[in-house]
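*Asks:* My questions all concern the structure below.
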Amino acid sequence: MGNHWRLFLVEGITVSILGLAAIIVPPIAGLFATVILGWLLLVAGVVGLFATFRTREDPGFGWSLLSALVAVVAGGLLLWNPLQGLITLTYVLTTFFIVDGVLVIVLAITHRRELTEKWEWMMVNGIIDLILAGIIIFGFPGTLIWAFGLLVGIDMIFGGAALIAMALAARKAGSHDGLKRIPLILKHSLHA
């Protein structure tokens, strides 16, 4: 990675800028993410159908066929009506935050004896999930349009920041490696 840190830096900056754009205009980001997801599901479903029919003698043909059909239908529905798809994805995301929040809180309480200093972080994570769900729910119906795009943008900013940090650490590690080599080069040139 040390040799390619600049590529990771450019990627991190790009992802962060796109994340900022998603935060500034979350409805557009949400619709864009919905359309991309729709295409991913549709293409995966079509490829799955092709592969399933090519291997129809193999065990599990019915389940493979059903899985591919579900992907085609889900992708088609998201593409047919992206706004309704965005609303549905927001409901799914809200449900996830509620279920995950409760489960993580229960997990934190269950493990507080074993994870003496770490269980609080799990508890905070669960509480944040519930707060996010509450913000979305108490803002209905308005949040249905912007919440998904906003959360995609926040995720992209954190992802971009992680790439930038990784790239800068790789650059720093590479510069230290170069400094470590200087005495070796001097030592070899003095003995030559």
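*Asks:* Check LEU69, LEU77 and return the single one that is in a helix (DSSP H, G or I), within 20 Å of PRO27 (Cα to Cα) and touching a residue at least 24 places away in the same chain (Cβ under 8 Å).
*Replies:* Exactly one of LEU69, LEU77 is in a helix (DSSP H, G or I), within 20 Å of PRO27 (Cα to Cα) and touching a residue at least 24 places away in the same chain (Cβ under 8 Å), namely LEU77.
For every residue, the table says whether it meets (1) more than 13 Å from GLY149 (Cα to Cα); (2) small (Gly, Ala, Ser); (3) at pLDDT 90 or above.
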position: THR14; (1), (2), (3): yes, no, yes
position: ILE28; (1), (2), (3): no, no, yes
position: TRP39; (1), (2), (3): yes, no, yes
position: GLY60; (1), (2), (3): yes, yes, no
position: VAL70; (1), (2), (3): yes, no, yes
position: LEU79; (1), (2), (3): yes, no, yes
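Each row is one residue, and each column tells you yes or no for (1) surrounded by 18 or more Cβ atoms within 10 Å (Cβ to Cβ); (2) under 26 Å from VAL152 (Cβ atoms).
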position: ASN3; (1), (2): no, no
position: GLY12; (1), (2): yes, yes
position: LEU20; (1), (2): no, yes
position: PRO26; (1), (2): yes, yes
position: VAL46; (1), (2): no, yes
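*Asks:* PRO141 versus (1) surrounded by 12 or more Cβ atoms within 10 Å (Cβ to Cβ); (2) modelled with pLDDT of 80 or more; (3) not hydrophobic (A, V, I, L, M, F, W, C): which is the lone unmet condition?
*Replies:* That leaves (1) as the condition not met.
*Asks:* Moving to a separate point now. Could you tell me which of the residues LEU184, LEU190, LEU168 is assigned to a helix (DSSP H, G or I), at negative phi and modelled with pLDDT of 75 or more?
*Replies:* Criteria check complete, one pass: LEU168.
*Asks:* Sticking with this one: Surrounded by 16 or more Cβ atoms within 10 Å (Cβ to Cβ), free of Cβ contacts under 8 Å to residues at least 60 places away in the same chain and more than 30 Å from ALA173 (Cα to Cα): is that true of GLY62 in this structure?
*Replies:* no
The values are calculated or read from the model by the stated rules, or taken from the named source; none is laboratory data. Being a predicted model, the structure only gives us computed values, none of them experimental. Neighbour counts are summed over all protein chains in view; Cβ atoms, including those assigned to glycine, are modelled from backbone coordinates with ideal geometry.
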